[in-house]
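Okay, so here's the structure we're looking at.
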Amino acid sequence: MGRGTANITTEIAAVAAESGVDTGLCHVFIHHTSASLILCENADPDVRRDLETFMLRLAPDGDPMFVHVDEGPDDMPAHVRSILTAMDLTLPLTQGRLALGTWQGVYLWEHRHRPHQRRVTVTVQGE
């Protein structure tokens, strides 16, 4: 996947359920500096499209103010985007399930144009 969002809620929920923990916390961490995690609206894809539009305005590719362009014009903007969002999320676990709101989903937000393999660690703690 190149730049954009991927819903990873189902995969995280499966890890949480398999943990056997009934009540606790589920910590999700991405091991990269040019992608991030977001807890976002999951019903209307326009929300994520609008977030992308906002980020393009805030940290545009090829902006001449950026010196770090080792991997291309989207390199430094991707780092800015990941710092402004989140590299980890902590989610509540209730009755063995993620306690998310009705319209919430967990997304991996890829900030680079070129597809990358991304590594996410999910840690579950509780009783």
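Read the figures in this text as sums done on the coordinates, not as results from a lab. Since we're looking at a predicted model, the values are computed, not measured. Please note: Cβ atoms are built from the backbone with ideal geometry, for glycine as well, and neighbour counts cover all protein chains shown.
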Quiz item: Over its Cα atoms, what ratio of radius of gyration to 2.2 N^0.38 Å does the chain give?
Solution: 1.14
Quiz item: So for T102, T94, fewest C-beta neighbours within 10 Å to most, what's the order?
Solution: T102, T94
Quiz item: What angle do you read, to the nearest 10 degrees and between 0 and 90, between the alpha-carbon axis of helix 75-84 and the longest principal axis of the chain?
Solution: 40 degrees
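Within 10 Å, count the other beta carbons around each residue, average over each peptide in 75-87, 17-29, 59-71, and list them highest first. Intermediate results must be reported in sequence, preceding the final value.
Numbers: 75-87: 18.3, 17-29: 15.4, 59-71: 12.0.
Highest to lowest by the protection proxy: 75-87, 17-29, 59-71.
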